[in-house]
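Step one of this worksheet: look at the structure below.
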Amino acid sequence: MRKKNFSVKSTTRPERVFLKTSETGLRDKCGIFGIYGKGVDVARISFFGLYSLQHRGQEGAGITVTNGKNLKSVKGLGLVSSVFNEEKINSLKGFAAIGHTRYSTTGGNKLCNVQPVVLNLKDEDFALAHNGNIINAMDLAREIPLNIKLSSTSDTEIMGWIIKNYEGRNWEDKILASFNKFQGAFSMISLTKNKIIAFRDTFGFRPLVLGQLNDSYVVCSETCALDTVGAKFIREVAPGEIIVIDEKGVHTVGKVQSIKKRFCLFEFVYLARPDSIFDKQLVHQVRQRSGEILAHESPIGADMVVAVPDSGTSAAIGYSKASGIPYGEVLIKNRYIGRTFIQPEQNIREMGVRIKFNPLKEIVKGKRIIIVDDSIVRGTTIKKIVKMLKNCGAKKVHIRVCSPPVTDPCYFGIDTPDKKQLIASHMKSKEIRKFIGADSLAYLSLKGLKKASRIKSNKLCDSCFTGKYPMPVKGGFRKDVFETIV
Ligand code: SF4
């Protein structure tokens, strides 16, 4: 396979422009879902699949279906339940669908960036739902002829045009031919008028699983979505694998050699739902084991162990089990909060964390409490929690973190803030303890976290804890810091 020659070669050709924007918090993990099944309400099933992947992205959602002739999409800003209603689901008729839930980029919370991205082409439309981040997206954008007007600011659209402009008998040939052009993380589900094509980068940073629902096939980010729609888990899509789902079933059409596997360790810490399974490991059990290991590594006397819900819950149960200190609920989470587009007034904003968590004051008073959290990124939320519990009369507040210090940004699909905003990049544990106002602070060791995962150490990505990346990332594209590509 070879790339089609683009017409403009002059070194003085005008270039695409990239406008930098401000940094974001930790987000942009994205959930993807696809189903192929004749005689099945694929849009409705996709809706429920996306519903169970809501935790991976809460600012926009979309579903694209094919009826064999055209692709049709419904997309919108907000939660899955607010984007879709009965009428919209009923308008999506077809036999295959792909869907996406997303977090936005800063200033990029616009409808044009909601996926699936659809390339409207003369011969055949092509849709893409992407979980990940393409590091060399800006270089690739410069290869796209300027007469092609990009309709979004996303690396996914760039990827789509690069694939489109490769030669090949069909879309899967083009994907295989262009595969090594893309540096970074991509678990991808694409849709043409008659098939789904799913593929995963050779490192396997982000998850992608395959399941079966009667005569239909499902491919999605996490096994919890398979459970929700009643599908049976078949296997994970292997790093570097390209699969097609069409009227003949599921078949592997390409395999790009995976030299280094690097599954994201953070999926176990925070990103995935506890009821999902990766590499035969139930996320809840990995978190529970990490709490147990942390209790052995950093014991402390206290009256109760509590979690920062929900991602700290499984680990807190493990810490309690291993330490013998009773587990209890203290922070009551507002589970309906989602992400609001209504900016709070300054006086409400100062309530800060209370909008999300309300403490059980009567239980906290006079107690020595161990708070178990999944990670500390900037340190601002945990600082507010400590202050809130002390104001409620807690005698001691000890913080136990079920991951190592996050010292470096992620380039593989998680929009961690820039390095300077990561508290552990410039403060030692002692200083962080002081900053957050806790009586003690301890992190789980990297060795302990990897042990809890029961996955071979060299098959895991740990770059945000070590600063050692499995590929060059200097000057790389992170979609959180670029708002506009024109
Ligand atoms: S850098 Fe961190 S968050 Fe990103 S893929 Fe690696 S382990 Fe996951």
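Relative contact order for region 274-456: 23 percent, from Cα pairs under 8 Å spaced at least 6 residues apart, divided by residue count.
Relative to the current alpha-carbon distance between residue 69 and residue 434, full extension at 0.36 nm per residue lengthens the span by 125.2 nm.
Here the dipole of the chain is about 1080 debye; that uses its Cα centre as origin and unit charges on the Cβ of Lys and Arg (positive) and Asp and Glu (negative). Residue ranges 41-52, 59-70 sort as 41-52, 59-70 when ordered by packing (mean number of other C-beta atoms within 10 Å per residue, highest first).
With 10 angstrom as the radius, rank 319, 336 by how many other C-beta atoms surround their C-beta, starting from the fewest.
Numbers: 319 30, 336 6.
Ascending number of Cβ neighbours within 10 Å: 336, 319.
Can you show me the helix-derived [θ] at 222 nm for the chain, built from DSSP H runs with n ≥ 4 at -39,500 (n - 2.57) apiece and divided by the number of residues, rounded to the nearest 500.
On the way: 16 runs with 122 residues, N = 486.
Value at 222 nm, helices only, nearest 500: -6500 deg cm²/dmol.
Per q in 0.28 1/Å, what log10 I(q)/I(0) does a Debye calculation on the alpha-carbon atoms of region 226-277 return? After summing over all Cα pairs, the log10 values are -1.10. For region 34-149, the spherically averaged projection of the C-alpha convex hull amounts to 8.1 nm².
The equivalent ellipsoid of the chain has semi-axes of 40, 24, 22 Å, largest first, where each one is the square root of 5 times an eigenvalue of the Cα gyration tensor.
Can you tell me, using C-alpha contacts under 8 Å and at least 6 residues apart, the relative contact order of the chain as a whole percent?
Working: 1177 pairs, mean separation 80.6, N = 486.
Worked out over the chain, it gives 17 percent.
The GluC sites (Glu not before Pro) of region 186-288 that DSSP puts in a loop, and whose beta carbon has at most 12 other beta carbons within 10 Å, are 247.
I'd like to know how region 274-456 sits against the 2.2 N^0.38 Å rule of thumb: what's its Cα Rg over that expected value? List each step's numbers first, then the result.
Details: Rg = 16.2 Å, N = 183, 2.2 N^0.38 = 15.9 Å.
Normalised by 2.2 N^0.38 Å, the Cα Rg of region 274-456 equals 1.02.
Each Lys and Arg contributes +1 and each Asp and Glu -1, all at the Cβ; summed about the Cα centre of region 274-456, the dipole is approximately 380 debye.
Since every read-out is calculated from the coordinates, none of them should be taken as a lab result. Because the structure is a prediction, the values reported are computed rather than measured. Neighbour counts are summed over all protein chains in view; Cβ atoms, including those assigned to glycine, are modelled from backbone coordinates with ideal geometry.
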